[in-house]
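See structure below.
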Amino acid sequence: MTLSTPRQTTTTGRSDAEIEQHVLRFIEQHTKKTWAPDTDLFASGAVSSLFALQLVMALEKAFDVSVAGEDLKLDNFRTVNAMVALVRRLQDEGSGE
């Protein structure tokens, strides 16, 4: 069962907060800066399209999702919040919910 709060638990048992922390750690390790979850990473100039590919691969590996087609649009990777929403949706779709 999932809850309808912003920090709900995913079908794989990870909460939004856990996904957020994982993504933030990944980005911070690569940029050597701390980020707010709602910061536009591309507008900040700290993240390139090449890094976006690394983000795609990191999300796929860490959360057992497949990012393809329409999901590859930049807006899904613009902020950590957007990436959390993408992971949640892909996991929910994968579980048949």
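Each reported figure results from applying straightforward, stated rules to the coordinates on display, with no laboratory input. For clarity, every value in this text was computed on a predicted model and none was experimentally measured. Because the Cβ atoms are built from the backbone with ideal geometry, glycine has one as well, and the counts that use them run over all protein chains shown.
What the table below lists for this structure:
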item: Per-pair calculated FRET efficiency, R0 = 30 Å: ALA85 and ALA43 via Cβ, rounded to 0.05; result: 0.95
item: Calculated FRET efficiency for the pair HIS30/GLU93, C-beta based, R₀ 22 Å, to 0.05; result: 0.20
item: Residues with amide H under 5 Å from that of SER15, placed H, sequence gap 5 or more; result: THR10
